[in-house]
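*Asks:* Would you mind keeping the following structure in view while I ask a few things?
The values are calculated or read from the model by the stated rules, or taken from the named source; none is laboratory data. Since we're looking at a predicted model, the values are computed, not measured. Cβ coordinates were reconstructed from backbone atoms using ideal geometry, including for glycine residues, and neighbour counts include every protein chain displayed. Heads up: the accessible areas ignore ligands, DNA and RNA and are worked out on the full protein's heavy atoms, side chains in. Shrake-Rupley method; radii C 1.70, N 1.55, O 1.52, S 1.80 Å.
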Amino acid sequence: NLSNSNLTNAKLPNNLENVNFSNCDLSNRNLSEYNLKGVNLSNSNLSNANLLHANLSNLNLTNATLPNNLENVNFSNCDLSNRNLSEYNLKGVNLSNSNLSNANLLHANLSNLNLTNA
């Protein structure tokens, strides 16, 4: 459980499955290709984080701040309802089995999306 932790300059392993990062500042972190499956990111700041090819499936994103570039991120089985993803780069994102109810995707890059059962 790393909730409420100051992770500035902390060295993190690539496999962080099911870790609790609620209320953490992960902004500007390189999390490219990290396994964050099942992670709790509620109320966390991920602005300007590099999430290229990261696995963020089955996680809690309640009130999390996301970076605008989410290219090739795996968001399968996530609740993205009511999220403002307007003008985000969602190229190649896996949104299979995700809840997109009332999500704002206006002007977002939606090329090569996987929307199976979304």
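*Asks:* Can you tell me which residues in the range 1-51 are surrounded by fewer than 16 Cβ atoms within 10 Å (Cβ to Cβ) and either within 14 Å of the chain's Cα centre (by Cα) or among the hydroxyl-bearing types (Ser, Thr, Tyr) (or both)?
*Replies:* Those that are surrounded by fewer than 16 Cβ atoms within 10 Å (Cβ to Cβ) and either within 14 Å of the chain's Cα centre (by Cα) or among the hydroxyl-bearing types (Ser, Thr, Tyr) (or both): SER3, SER5, THR8, GLU17, ASN18, SER27, ASN28, ASN30, SER32, GLU33, SER47, ASN48.
*Asks:* Follow-up question, since we're still on this one. Looking at ASN55, ASN72 in this structure, which one is open to solvent by less than 80 Å² (accessible area, probe 1.4 Å), under 20 Å from ASN109 (Cα atoms), of a type outside the set (Phe, Trp, Tyr) and touching a His at 6+ places or on another chain (Cβ under 6 Å)?
*Replies:* Residue meeting the stated conditions: ASN72.
*Asks:* Any idea how many residues of the range 68-92 are charged (D, E, K, R) and under 12 Å from the mean Cα position of the chain (by Cα)?
*Replies:* Counting residues in the range 68-92 that are charged (D, E, K, R) and under 12 Å from the mean Cα position of the chain (by Cα) gives 3.
*Asks:* Would a scan of the range 59-71 turn up a residue that is part of a loop (DSSP other than H, G, I, E, B), farther than 22 Å from LEU7 by Cβ and of a type in the set (Ser, Thr, Tyr)?
*Replies:* no
*Asks:* Looking only at the range 80-110, which residues are exposed (fewer than 15 other Cβ atoms within 10 Å of the Cβ) and of a type outside the set (S, T, N, Q)?
*Replies:* The answer is GLU87, LEU106, HIS107.
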